[in-house]
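To start, the structure under review is shown below, and the notes come after it.
The values are calculated or read from the model by the stated rules, or taken from the named source; none is laboratory data. Computed from a predicted model, the values in this text were never measured in an experiment. Every residue, glycine as well, gets a Cβ built from its backbone with ideal geometry; the counts of neighbours run over all protein chains shown. Remember, those area values only see protein heavy atoms, side chains included, never the ligands or the DNA or RNA. Shrake-Rupley method; radii C 1.70, N 1.55, O 1.52, S 1.80 Å.
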Amino acid sequence: MNILYMDHHAGEERYGGDRRAYDLAREWQKAGDEVTIVTARHCPGPGHLSPRGDFMERETEGVRFFYLGSEPEQDRVGSVRRCITDFVQKLHRIRPVLAERCHPDIIIAASCYPYDFFAAKQLAGKTGAKTVFELKEIWPRLQEELYPEGDSRLVRFLGERAMDYALKNADLVASLLPGGQRYLEERGVVPKSFEELPAGAPPLSAAKPLEGAAAEQFEAFRAEHRFVIAYTGKLSERGCPEELLRAVIPLASEGVGAVIAGNGGRKLMLRRMVREWNAGNILLLDAQKASRMETVLQASDALFYADTRRVSGEYGAYRPRLLQVMQEEKPMLLLMQGEQHPAVGFGAALMADHPRELPGLIRKLAGLSPTERRGMGKCAGDFVRREHSPARAAKSYREALTGL
């Protein structure tokens, strides 16, 4: 099969981004498929694609990438909308090039939002290809939750209609959400074909030592505390770093500490909280590269991951970062609203529905013996290997594609 995979946020292994498309492509190649990925991420260094450029082509281990110039996305609704509009417009402009160069049999629209599906559908009309819409996020609901004052009712209405159009007209709806089928039923949408697919887990980065002051601070902190829990996400409202801080500070007399790394406005808030409470059991580090953060995670006793979005609680979420850090084989502490993550039943994690439950769960993890914690960590690794290996994810996906 010739597969054209369109994903605004896809990235090569060397340049970050969501590497799901790349991992799938590598596995599909083994089965004889040819894969082209169209993305808005552009390469640094020589050949850098300027934001106003058209597109640049490059190949990595047989996987062809088309990079479309796009403005850097910032975390506010106006910037997000401009970036989406820019990318989708360029998708439409290069449809003749994609048809001529790729000759796709399958076109996958996988940008989280539904607007890239219109380009996929029009291109399919010219080439006879089958279309796939990846349901990674409940896009209109998520935008309303993230930016409650940002979009007009008209914009939200158009987003819902675009979502319905993609779900109804795709030859296959490939859902990465456990509650995707329920969402379709609530919308009254009957897709042509529907498959719930496992997400592949991104591999861990090779660990590199911390440098400079960060190395000295972490070494001293680790030596002072018998139990250290590390924050694993970006410093965002969704990740709830302040809730981890509030939960750990009262446990200082028990030798419990937390490490939180990152930059931005939220870090200023965390620094103020640490200063006001004179919290010596919280270590705030600057943002670290993935390879250096790997050293922090490996040296910690447990890992914290949070996602308190309401829409995630209703339908589940696509969480590549959680699947990645579970491969550290450390006990996990999860904070999620209204959702029972399968890792809990697998013995790999403890989960809180509300921040007030965190201190008790942290104390429970700290009270486990090293052998018990290693057992939980092994369960975390086994869970990912069994349910979310890239090979399994690609095989399940390809079986769904060959059935079209």
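Numbers for the structure displayed
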| quantity | calculated |
| --- | --- |
| The stretch 135-279 - Rg over Rh from alpha carbon coordinates, Kirkwood radius | 1.12 |
| Loop-located trypsin sites (Lys or Arg not before Pro) in the stretch 143-217 whose Cβ has at most 15 other Cβ within 10 Å (DSSP) | 192 |
| Globularity index of the chain, i.e. its alpha-carbon radius of gyration over 2.2 N^0.38 Å | 1.02 |
| Most mobile of 166, 206, 348 in a GNM of the chain (Cα contacts under 10 Å) | 206 |
| The chain: most fluctuating residue of 324, 217, 143 per GNM, C-alpha cutoff 10 Å | 217 |
| Kirkwood Rh in Å, taken over all unlike Cα pairs in the stretch 338-404 | 14.2 Å |
| Residue with peak Gaussian network fluctuation, the chain [Cα springs, cutoff 10 Å], from 215, 261, 247 | 215 |
| For residue 269, solvent-accessible area (1.4 Å; no DNA, RNA or ligand), Å² | 50 Å² |
| All-pairs alpha carbon distance profile, the stretch 226-332, 5 Å steps from 0, percent | 2, 12, 23, 24, 20, 12, 5, 1 |
| Straight-distance crosslink candidates among lysines, where the alpha carbon sits under 16 Å from residue 208 and sequence neighbours closer than 8 are dropped | 289 |
| Dimensionless Rg over Rh [the stretch 206-273; C-alpha; Kirkwood] | 0.96 |
| Value of Rg to Rh for the stretch 243-283 (Rh from inverse mean 1/r over Cα pairs, i.e. Kirkwood) | 0.95 |
| The stretch 109-205: equivalent-ellipsoid semi-axes (sqrt of 5 x gyration tensor eigenvalues, Cα, Å) | 21, 19, 14 |
| Calculated on alpha-carbon atoms, Rg and Dmax of the stretch 318-368 in Å | 10.9, 31 |
| Value at 222 nm in deg cm²/dmol, rounded to 500, when DSSP H runs of n ≥ 4 in the chain each add -39,500 (n - 2.57) | -13500 deg cm²/dmol |
| Convex hull volume per residue for the stretch 269-404, taking Cα atoms only, in Å³ | 153 Å³ |
| In Å², nearest 10: area of residue 305 left accessible to a 1.4 Å probe | 20 Å² |
| Span-rule helices in the chain, defined as complete DSSP H runs reaching 20 Å or more along the axis (Cα) with Kyte mean at least -1.0 | 77-93, 153-169 |
| Trypsin sites (Lys or Arg not before Pro) within the stretch 276-346, DSSP loop, no more than 15 other Cβ atoms inside 10 Å | 289 |
| For the chain, the longest site-free run once GluC sites (Glu not before Pro) in DSSP loop states with at most 10 other Cβ atoms within 10 Å are removed | 150-404 |
| Heavy-atom accessible surface of the chain: percent carbon and sulfur, 1.4 Å | 49 percent |
| Heavy atoms of residue 197: accessible area, 1.4 Å probe, square angstrom to 10 | 10 Å² |
